[in-house]
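K.L.:
Here it is, the structure, as C-alpha cells.
The values are calculated or read from the model by the stated rules, or taken from the named source; none is laboratory data. Just so it is clear, the structure is predicted and the values come from calculations on it, not from any experiment. Here the Cβ is made from the backbone with ideal geometry for all residues, glycine too, and neighbour counts use every protein chain on show. Please note that ligands, DNA and RNA were not included when accessible areas were found on the heavy atoms of the full protein model with its side chains. Shrake-Rupley method; radii C 1.70, N 1.55, O 1.52, S 1.80 Å.
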Number of protein chains: 2
Amino acid sequence: MTTYPPAPLYPGNDAGPSGDGLLRVAPIGPLFLETGGELPDVQLAFETWGELDRDASNAVLVQHALTGSSHVARGASEEEGWWDSLVGPGRTVDTDRFFVVSINMVGGCYGSTGPASLAPDGAPWGSRFPFVTIRDSVRAEALLADLLGIERWHSVLGGSMGGARALEWALMYPDRVERCAVIACTAASSAEQIAFAQAQLQAIRLDPAYRGGDYYDGPLPEAGLGLARRIAHITYRSERELEARFGRAEQDAEQPFGAVLPSHRGRYQVESYLDHQAEKLVDRFDANSYVILTEALMSHDAARDRGSLDDALGAATSEFFIAAVDTDRLYFPVQSRRLAEGLPGNVPLHLITSPVGHDAFLTQIHQLDDQLRTAFFSS
Amino acid sequence: MTTYPPAPLYPGNDAGPSGDGLLRVAPIGPLFLETGGELPDVQLAFETWGELDRDASNAVLVQHALTGSSHVARGASEEEGWWDSLVGPGRTVDTDRFFVVSINMVGGCYGSTGPASLAPDGAPWGSRFPFVTIRDSVRAEALLADLLGIERWHSVLGGSMGGARALEWALMYPDRVERCAVIACTAASSAEQIAFAQAQLQAIRLDPAYRGGDYYDGPLPEAGLGLARRIAHITYRSERELEARFGRAEQDAEQPFGAVLPSHRGRYQVESYLDHQAEKLVDRFDANSYVILTEALMSHDAARDRGSLDDALGAATSEFFIAAVDTDRLYFPVQSRRLAEGLPGNVPLHLITSPVGHDAFLTQIHQLDDQLRTAFFSS
C-alpha cells in the first residue's frame, strides 16, 4: 500500500489538501472488462475533500449518478457541487473529519477514460469504446483506491446510478466496505428501466449526426442526446409535480394554438422546460458517454453470477443504509424495500418525502441528514 | 335531415345493413379548422353495424384511440375489431338493437382525409397538412352524422383519445348527445401527457427519412415512428406488468452480456417486446398521421374558451359514464375522478381492475359490461 498522496503516480496533479474539490487524474493501467473488452491505459478523474488520517480509516467514497461528475461539493472550487448540502465542513459527511473521494466513471466525459478519449491509434475511441458494466467501473475504482492508500472505505455512498456502484462495491469487495448507502437505487435495473433506457439509446442512434458514434470530427448529435434527456427527465420527475408546475400553461407569449401548421405552433411551458433540460445536458455531456453509461446502468444486476438475489445480497457484510424517494416512479420505493429485505439483518428503508420524484435524491438529500448521521457518521 | 342511407352522397359505397363492419367513405365538404387552417374536400371513412330505426333514436357512436381505426367490431368482415367484446350481436352494445357508427379521425390513415391524401395540387398534403384539434374532428363527425340522418346519438362512447372526442361531442353538441361514456380519458391532456407526446413527436421529426413530413416519394420514417411507439407503449403498460412479464430475461438465445461493443449485444426480452410493438405499428400507420393526431391529443382541453373547467363541465346536459383503469399511469384514475366531479349530478367513477395499465381499456373492457348495460343499454 502506498500512502496518500502518492505523488509520483499522477505528477503535476497533486493538489494536496488545499485542492479540495479540484479535478485530478490518475492512471490505473489496463482494464479487462466483463464482456470481453479491454481498455489498455485507463485514467480516472477524481476529486477529494479533507485529509486521509494516519490509519486510512476515514475515507468516504461518494458515487455520482448517470450524468454526474466527481464534483460532489465545493471545497477550493467555486463551482457548486451536486451534493453540497451533504458533503462539506460541518456537514453530515464532514470534510473536517472525513477524507471524501469521488471518481468519474470509466466511460464518462468528466476526465476519466471515455469514448472521446484517444485510443492507442491516436483517434478517439468513438464507436469502438467497449461495453463497460457497473462492476467494471467498480473494479477500476478499486485500483484507484489502492493508489490512494485506501484499503477499506469507512463508507461508500451513492444515489441513483451511484447507488448501483455503491452496492456493487459492497458485494464485490465486502472486506473493503465498512458501510454502504444506496439511495434511490435498487438491486437490479427493472424491465421498465431497461425499456426507457432503450428508447434513450435509440434516440441518440437515430440522430444522423451520431454516425454510429464516430462524430468527433463533425457536428455533435445534439438533437438525439437532447431527446434522450427529455425522455429521461420526465421519468426523474413526478406527474404530480409536472402538473402543479406547468399544467397546460403556455410558454410566455407563445401560443400552442397560434399556427395553422402544428410544426409552427407555440410551445406549452412543459415543452419549453424539457427543451431547456435538453439544452443544458447537450452543453455539458458527450452522447457516446451517455450511451456507454446507460448501457452500464441497464447491466446493473446484483444477482448476476451470484445465484439468486437473496444469495447475492445475503452474502453482504457491510452495514447498509437504504433510502428511496416516496414519489419516485423510476426507482420505486417498493424495489428499494426489496433490496433492504434481501440484506442480512434488519435493514430499514428510509424515505425522502417530496412531490418531485426521483430527482429529490439530489434536491432533498438533507432530509436524510439525521438518519445518515445516526447510522454512519456519529462520532 | 336526410334518411339513412343517403345513397347519392357516397355512390358505390352503400354497403347497406349486410355491410356491417365494412369500410365506407363519405364526403363532408370543406372543413375550417380551429387554428385557422382549411381542408377543402374532406372525406370521412366510417363503418356501421346494425340498422338505424325509423326515428333514428338507436344510433351509437364509438370513438377510436390514437392509432385505432373505425373497425370496432367484426360484422361482415372477418377482421378482428378492437372492441369486439363490447360491440356485436347480443353484446352490451347490441348491434341487433343499435345502429353503431365508428368514424376514422380527420388526419388519420384509415380512410379519412389525412396527410397522405392528395391536396388540391395533386401531391400529398405531407408537411402542409394543417393542425387539427379534437374539436375540429368532432365538427367533422357532426357533418357525417347529418349525412347519416342522425340528429341525436343514443350514446357516444370512447376510450383514451376516443374518450376525448366523446367528451367534446357532449360539450360542443349537448342537444345531440343523450349519453356519453368517457373511458380511460380525462378532461384535458396533462403536463406529463404533453411531455411524453413531445418526445414522440421529436422522435419522428429526428428521423432523417421524415424530411419534415414530405417523405411519400421515398423511404418511410420507420425508425422515428417506431421510437415514438416504444415511448408511448411503455406508458400504456404498467411497471408491475412489465416486470412480471419480462423482468431482466434475455430474448431467446440473445445475450445482453454477449458482446464487447454495446451496439452488438443481445437484447433483453423487454427490448424485443418493444421492437415488436414498434414494427407492428410501423407496418400499419403513417408517421404524419401519428404527428397530426398526437398534436390533436395534446390540444385536448375541455376548458378551452369555456371559462373554468367547472364552467365547461357544468354546462353539460348528457348522461355520463366515466371509467378509468386502476393501474393507468398515463390517464390517472384521479384525473378521471376530477372529470366526474366536474359534471352535473353525481357521476360515479367506474374502475377497470387490471395490472396492465392504460391498455386495459381495450383488453378488459368486458369488466364494464354490467355497469354500462345498467347505465346506458338496458331495454
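K.L.:
Mind pulling the angle between the C-alpha long axis of helix B:333-342 and the longest principal axis of chain B? Nearest 10 degrees, somewhere in 0 to 90.
P.N.:
So the helix axis and the longest Cα principal axis differ by about 20 degrees.
K.L.:
Let me ask something else. Find every distance from the label point of B:E78 to the corresponding label point in the other copies (7 Å from Cα along Cα→Cβ) and write them in nm, one decimal, shortest first.
P.N.:
Spacings between copies for this position, smallest first, are 7.6 nm.
K.L.:
Quote the charge dipole size of the range A:193-296 about the Cα centre in Debye, to the nearest 20; the model charges only the Cβ of Lys and Arg (+1) and of Asp and Glu (-1).
P.N.:
My answer is approximately 260 debye.
K.L.:
Could you tell me how many degrees, from 0 to 90 and to the nearest 10, lie between the Cα long axis of helix A:222-236 and the main elongation axis, the longest principal axis, of the Cα atoms of chain A?
P.N.:
70 degrees
K.L.:
Does the protein assembly as shown come out rounded, prolate or oblate by the C-alpha gyration tensor, with a ≥ b ≥ c the root eigenvalues, rounded set by a/c under 1.5 and, if not, prolate when a/b is larger than b/c and oblate if not?
P.N.:
Because a/c hits 1.5 or more and a/b exceeds b/c, the protein assembly as shown counts as prolate.
K.L.:
Which whole-angstrom value gives the distance between the alpha carbon centres of the range A:343-373 and the range A:13-81?
P.N.:
24 Å
K.L.:
Which distances, shortest first and in nm, link A:P208 to the matching position in the other copies, using label points set 7 Å out along Cα to C-beta?
P.N.:
0.5
K.L.:
Shifting gears a bit: Mind running the shape call on the range A:319-376? Use the C-alpha gyration tensor, a ≥ b ≥ c as the square roots of the eigenvalues: rounded below 1.5 for a/c, prolate if a/b tops b/c, oblate otherwise.
P.N.:
The shape class here is oblate.
K.L.:
Can you give the calculated 222 nm mean residue ellipticity of chain B, where each DSSP H run of n ≥ 4 adds -39,500 (n - 2.57) and the sum is split over every residue, rounded to the nearest 500 deg cm²/dmol?
P.N.:
That comes out to -9000 deg cm²/dmol.
K.L.:
Now for a different question. Identify, among B:V93, B:A203, B:Q63, the residue whose Cα sits farthest towards the positive end of the charge dipole of chain B, taking +1 on the Cβ of Lys and Arg and -1 on the Cβ of Asp and Glu, with the dipole about the Cα centre.
P.N.:
B:A203
K.L.:
Once each part is reduced to its C-alpha centroid, what is the distance from the range B:265-333 to the range A:254-314 in angstrom?
P.N.:
If you average the Cα positions of each part, the centres end up 21 Å apart.
K.L.:
Follow-up question, since we're still on this one. Angle between the Cα long axis of helix A:134-148 and the longest principal axis of chain A, 0 to 90 degrees, nearest 10?
P.N.:
Here the helix axis deviates by roughly 40 degrees.
K.L.:
Between copies, how far apart are the A:D53 label points? List them in nm, one decimal, shortest first, with each point 7 Å from Cα toward Cβ, please?
P.N.:
Once sorted, the set of distances for A:D53 reads 8.8 nm.
K.L.:
Please compute the length gained on full extension between B:A244 and B:S57, using 0.36 nm multiplied by the number of residues separating them and subtracting their Cα-Cα distance.
P.N.:
62.7 nm
K.L.:
Mind putting a number on the dipole of the protein assembly as shown about its Cα centre? Charges go on the C-beta only, +1 for Lys and Arg and -1 for Asp and Glu, and I need it in Debye to the nearest 20.
P.N.:
Dipole of the protein assembly as shown, to the nearest 20 debye: 380 debye.
K.L.:
Can you pull the accessible area of A:Y273 for me, 1.4 Å probe, Å² to the nearest 10?
P.N.:
Surface accessible to solvent at A:Y273 totals approximately 30 Å².
K.L.:
Also, quick follow-up: Rounded if a/c is under 1.5, else prolate if a/b beats b/c, else oblate: with a ≥ b ≥ c from the C-alpha gyration tensor eigenvalues square-rooted, which is the range B:27-83?
P.N.:
Oblate shape, in that a/c is at least 1.5 and b/c is the bigger or equal ratio.
K.L.:
Accessible surface of A:H350 in the full protein assembly, 1.4 angstrom probe, to the nearest 10 Å²?
P.N.:
30 Å²
K.L.:
Still on this model: Rounded to the nearest 5, what is the percent of antiparallel bridges among the DSSP beta bridges in the protein assembly as shown?
P.N.:
Antiparallel: roughly 40 percent of the beta bridges in the protein assembly as shown.
K.L.:
Same structure, new question: What accessible surface, in Å², does a 1.4 Å probe find on A:V356, ignoring ligands, DNA and RNA and rounding to the nearest 10?
P.N.:
That residue has around 20 Å² of solvent-accessible surface.
K.L.:
Next question. Does any residue of the range A:111-139 lose at least 50 Å² of accessible area with all protein chains in place compared with its chain alone, and if so which ones (probe 1.4 Å)?
P.N.:
Those residues are A:F131.
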